[in-house]
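The values are calculated or read from the model by the stated rules, or taken from the named source; none is laboratory data. Everything numeric here is computed off the predicted structure, so don't read it as measured data. Cβ: placed from backbone, ideal geometry, glycine included. Neighbour counts: every protein chain shown.
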Amino acid sequence: MVAIFSLASHVWAMNPSFRLAALAVAGFLSVGPAQAGASKWQETDGGRLRIVTEPVQPGSTSLRGALQIDLVPGWKTYWREPGSAGVPPQITAMSGAHDEVRIDFPVPHWVDDPYGAWAGYTEPVTLPLTFGIDPDSPPAVIEANVFLGICKDVCIPFTAKVDIEISGGQSERLQGLLVSAAHGALAPDSSDALSVRNVRWTETGALEIRVSTDDANSKEMALFVSGGTERPFQKPVQTATGVEATFAVQPLFDTEEAGAFDLVIAARHGADTVETTISLPAPDR
């Protein structure tokens, strides 16, 4: 079952690229029968998506899943902190699980378009999910609303309702392999090749982040930060290279009002990626 819902007005106000796509918003099309442990594929211009889950474990309070986003070549979608031009993927469980669904993200790439730089994915991507469930009443079906945007010349936002049948059959075990691969592919907190070493507020009000690498040529390193929707940042600027790369990151919010908060920091250097979350104190006043 698929339904298209009206988009919140503030999303359109915040994202000029979305407003340009107002007349281009298209509905998802259900394609093929649903399998146990997977929703039907939903198609629109630029790609298709579905949610898959692993089998429910007896007594478990959570259920791992994955959002598969299969992009048509030339189309893109967003990371958790996409920049000023978009909004991140969002999933809400309507029945069968707690409404808040955790979404994890592979380390993205920076994308530059006429509306500014934003972090996202230019190839098909699978986002690991975690559903909260009642251990005394495991779900037979999970119903969820999915909202995301995909972009080419313009960005198309849409919302669709998906149903995932949870049966524990053979096909669901196969979906579980996909889920395990997605969760297992997430970047580590640190590695011998790449590690976030130091994060501090500077006197100018910017963040300074240092990332160590085993390669003295760190010029091509990319950094991504996310403080949540209320604490956005500009694209990090690399100010020093070498075995310890340094980045300056300008906040787009009032740091004096923000207080302490959790900051997600992700880095990419060649094939190496890391992602860590730190508790960032409020800047000294």
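Go through the residues of the range 220-227 one by one and say whether even a single one is touching an Asp or Glu at 6+ places or on another chain (Cβ under 9 Å), more than 30 Å from Thr53 (Cα to Cα) and not in a loop (DSSP other than H, G, I, E, B). No, every residue in the range 220-227 fails to be touching an Asp or Glu at 6+ places or on another chain (Cβ under 9 Å), more than 30 Å from Thr53 (Cα to Cα) and not in a loop (DSSP other than H, G, I, E, B). Taking Pro232 as the residue in question, decide whether it is over 30 Å from Ala38 (Cβ atoms), modelled with pLDDT of 90 or more and surrounded by 18 or more Cβ atoms within 10 Å (Cβ to Cβ). Here the answer is no, as Pro232 does not meet what is asked. Scoring Leu129 on the criteria (1) touching a residue at least 60 places away in the same chain (Cβ under 8 Å); (2) among the hydrophobic types (A, V, I, L, M, F, W, C); (3) in a loop (DSSP other than H, G, I, E, B) leaves a single failure, condition (3).
Screening Asp189 with (1) in the same structural domain as His269 (by TED's automatic domain parsing); (2) surrounded by fewer than 16 Cβ atoms within 10 Å (Cβ to Cβ) gives one miss only, at (1).
Is it fair to say Phe158 is modelled with pLDDT of 90 or more, under 28 Å from Pro82 (Cα atoms) and aromatic (Phe, Trp, Tyr)?
No.
Here's a check for you: in the range 101-114, which residue that is more than 17 Å from Val225 (Cα to Cα) and at pLDDT below 95 is surrounded by the fewest Cβ atoms within 10 Å (Cβ to Cβ)? Of everything passing the filter in the range 101-114, Pro114 is surrounded by the fewest Cβ atoms within 10 Å (Cβ to Cβ). Do the conditions hold for Pro128, that is, is it within 21 Å of Ser180 (Cα to Cα), surrounded by fewer than 20 Cβ atoms within 10 Å (Cβ to Cβ) and either of a type in the set (Gly, Ala, Ser) or assigned by TED's automatic domain parsing to the domain that holds Arg50 (or both)? Spelling it out, it is not the case that Pro128 is within 21 Å of Ser180 (Cα to Cα), surrounded by fewer than 20 Cβ atoms within 10 Å (Cβ to Cβ) and either of a type in the set (Gly, Ala, Ser) or assigned by TED's automatic domain parsing to the domain that holds Arg50 (or both). Among the residues making up the range 235-253, those that are buried (at least 16 other Cβ atoms within 10 Å of the Cβ) and either outside any loop (DSSP other than H, G, I, E, B) or touching a residue at least 60 places away in the same chain (Cβ under 8 Å) (or both) are Lys235, Gln238, Ala245, Thr246, Phe247, Ala248, Val249, Pro251. Highlighted here are the strands (runs of 3 or more DSSP E) found entirely within the range 52-97 that include at least 2 residues which are touching a Lys or Arg at 6+ places or on another chain (Cβ under 7 Å): 62-71. Looking at Ala182, Ala193, just one residue is among the small types (Gly, Ala, Ser) and more than 18 Å from Val56 (Cβ to Cβ), and that residue is Ala193.
If I filter the range 179-199 for residues that are more than 23 Å from Met94 (Cβ to Cβ), in contact (Cβ under 8 Å) with a residue 60 or more places away in the chain and either in contact with a helix residue (DSSP H, G or I) (Cβ under 6 Å, 6 or more places away or on another chain) or in a helix (DSSP H, G or I) (or both), do I get at least one hit? Yes, the conditions are met somewhere in the range 179-199.
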